[in-house]
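One structure is given below, encoded as structure tokens.
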Amino acid sequence: MAQRMRLKLRTVFVLYFLVSLLGLVYALMQLGQRCDCTEHDLPYERTISRLRGELHKLQEDIHKIESSPQAQKPKSSLPTIYVITPTYARLVQKAELTRLSQSLLHVPALHWILVEDAAQKTTLVSNLLRNSGLSYTHLHMPTAPQRKLHEGDPNWLKPRGVEQRNEGLRWLREDRRALPGGVSEQGVVYFADDDNTYSLQLFQEMRSTQKVSVWPVGLVGAMKYESPTVKAGKVVGFHTGWRPSRPFPIDMAGFAVSLRLLLTHPDTCFDGDAPQGFLESSLLQGLVTMDELEPRADNCTKVLVWHTRTEKPKLKREEALQAQGLGSDPAVEV
Ligand code: UDP
Ligand code: MN
């Protein structure tokens with residue numbers, strides 16, 4: 001009797017052991033399985049699938065834009081902006097040209113015509129242009145001695161940069177065709193002095209010039225700004241503090257001319273003998289009437305270029321040190 005009881009107990013115990021073992025084996029197998037995470041990862045899966053959908057849509061959009069006729073057009077279909085800059089050697093020249101060239105680097109389809117007021121091209125300017133990353137032409141044309149300003153002369157005495165701008169015009173009319181893509185007559189010409197400040201938006205505004213486009217210039221003519229006055233989209237006069245009766249009382253920085261117009265008027269250029277303040281008029285008079293001027297910069301209400309001028313550096317300490325043989329190393333280019 002007791003033996004049968006013991007046998008029964010042992011059987012129950014073994015069964016119990018086997019069931020526990022099976023349970024344990026099952027639990028271990030489940031641990032090794034990848035869990036079905038659908039339940040708690042649903043938002044994550046949804047986000048991924050939504051983003052995949054958006055990515056797919058964006059890829060389709062890119063494809064559509066890239067295969068549109070507009071994108072197929074060569075980039076050179078933008079009219080080239082030819083920027084003519086007269087420049088002369090002085091202590092701040094490299095600083096001015098560095099600032100200007102790095103502004104111009106942001107402008108697409110631009111060709112810089114840099115004209116040195118010098119008997120020969122200088123190494124400083126040649127190196128600067130070579131390292132500028134710009135498309136450029138390097139010219140030189142010395143100002144005739146009788147036209148040159150001398151130390152101490154007031155700057156209004158004689159017009160500056162005239163022969164250089166005219167040399168730039170000569171290059172455009174005679175030599176430009178040798179450039180790759182230089183046969184196109186679609187282009188815009190802008191006279192940019194090396195010391196002014198130019199907004200990149202200015203270049204977008206002038207790109208569509210048909211004949212002559214105009215806009216305000218800040219900090220010029222002893223005024224906050226000078227500007228053409230516009231009524232119903234037409235230039236009807238000029239806001240200027242000095243001789244408003246001039247044919248075109250516009251600063252050099254305040255207009256751009258279409259290349260085609262310059263090519264169809266092959267003899268029009270700047271007159272270095274024009275009375276003070278009439279240099280811009282001497283060119284524009286031969287090309288357009290006031291009525292034909294194309295106002296830009298929100299009908300001439302925005303200043304996008306400033307006639308800034310750089311202070312001449314004072315070298316009192318340098319000179320004192322030089323007198324003791326302790327001046328700055330002349331081999332260091334400034
Ligand atoms: N310039 C020049 N030779 C000179 C003086 C000036 O080529 O003897 C250039 C100068 O680098 C600038 C432009 O002509 O690009 C106008 O000169 P500046 O800025 O001195 O004129 P302002 O600001 O007084 O009108
Ligand atoms: Mn200047």
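Given the options 241, 218, name the one that is at pLDDT 95 or above, open to solvent by 30 Å² or more (accessible area, probe 1.4 Å), within 21 Å of residue 305 (Cα to Cα) and not aromatic (Phe, Trp, Tyr).
Details: 218 fails: open to solvent by 30 Å² or more (accessible area, probe 1.4 Å).
Just a single option satisfies the conditions, and that option is 241.
Please return the ranges of helices (runs of 4 or more DSSP H) entirely within segment 279-334 where 3 or more residues are open to solvent by less than 70 Å² (accessible area, probe 1.4 Å) and within 16 Å of ligand 1 (Cβ to nearest atom). Show your work before the answer.
On the way: elements: 279-284, 297-300, 316-323.
Here the list reads 279-284.
Any residue in segment 135-150 that's away from ligand 2 (no atom under 16 Å from the Cβ): show its pairings with residues that are assigned to a helix (DSSP H, G or I) and among the polar types (S, T, N, Q) at Cβ separation under 7 Å, as long as the two are six or more apart or on different chains.
Close Cβ pairs (under 7 Å, with a partner that is assigned to a helix (DSSP H, G or I) and among the polar types (S, T, N, Q)) amount to 138/126; 141/164.
Return the pairs, sorted by first residue and then second, in which the second residue is open to solvent by 40 Å² or more (accessible area, probe 1.4 Å), the first residue lies in segment 79-104 and is of a type in the set (Asp, Glu), the beta carbons are less than 7 Å apart, and the residues are 6+ apart or on different chains.
96/310
Within the bounds of segment 200-211, is there any residue that is under 30 Å from residue 144 (Cβ atoms), under 23 Å from the mean Cα position of the chain (by Cα), open to solvent by less than 10 Å² (accessible area, probe 1.4 Å) and at pLDDT 95 or above? If you could, list the steps in order and put the result at the bottom.
From segment 200-211, those under 30 Å from residue 144 (Cβ atoms) are none; that's our starting set.
Within segment 200-211, not a single residue is under 30 Å from residue 144 (Cβ atoms), under 23 Å from the mean Cα position of the chain (by Cα), open to solvent by less than 10 Å² (accessible area, probe 1.4 Å) and at pLDDT 95 or above.
Cβ-Cβ below 6 Å, separation at least six or inter-chain, first residue in segment 259-274 and under 13 Å from residue 189 (Cα atoms), second part of a helix (DSSP H, G or I): which pairs?
Correct list of pairs: 269/166; 269/169.
Applying the selection to segment 132-179, what residues are over 21 Å from residue 110 (Cβ atoms), among the charged types (D, E, K, R) and open to solvent by less than 60 Å² (accessible area, probe 1.4 Å)?
153, 158, 163
Considering only segment 87-108, I want to know if a residue exists there that is away from ligand 1 (no atom under 16 Å from the Cβ), open to solvent by less than 20 Å² (accessible area, probe 1.4 Å) and outside any helix (DSSP H, G or I).
Yes.
Which condition number does residue 165 fail, the rest of (1) out of contact with any strand residue (DSSP E or B) (no Cβ under 7 Å at 6 or more places or on another chain); (2) within 16 Å of ligand 2 (Cβ to nearest atom); (3) not acidic (Asp, Glu) being met?
Condition not satisfied by residue 165: (1).
Which residues, taken from segment 304-334, are within 16 Å of ligand 2 (Cβ to nearest atom) and under 19 Å from residue 208 (Cβ atoms)?
Listed by number, the list holds a single entry, 305.
Which numbered condition trips up residue 266, out of (1) at pLDDT 95 or above; (2) within 16 Å of ligand 1 (Cβ to nearest atom); (3) surrounded by fewer than 19 Cβ atoms within 10 Å (Cβ to Cβ); (4) not charged (D, E, K, R)?
For residue 266, the exception is condition (2).
Please go through segment 248-259 and pick out each residue that is small (Gly, Ala, Ser) and not in a helix (DSSP H, G or I). Before you say what the answer is, go through the steps one by one.
Keep residues of segment 248-259 that are small (Gly, Ala, Ser), which gives 253-254, 256, 258.
Matches in segment 248-259: 256, 258.
The values are calculated or read from the model by the stated rules, or taken from the named source; none is laboratory data. For clarity, every value in this text was computed on a predicted model and none was experimentally measured. Here the Cβ is made from the backbone with ideal geometry for all residues, glycine too, and neighbour counts use every protein chain on show. Heads up: the accessible areas ignore ligands, DNA and RNA and are worked out on the full protein's heavy atoms, side chains in. Shrake-Rupley method; radii C 1.70, N 1.55, O 1.52, S 1.80 Å.
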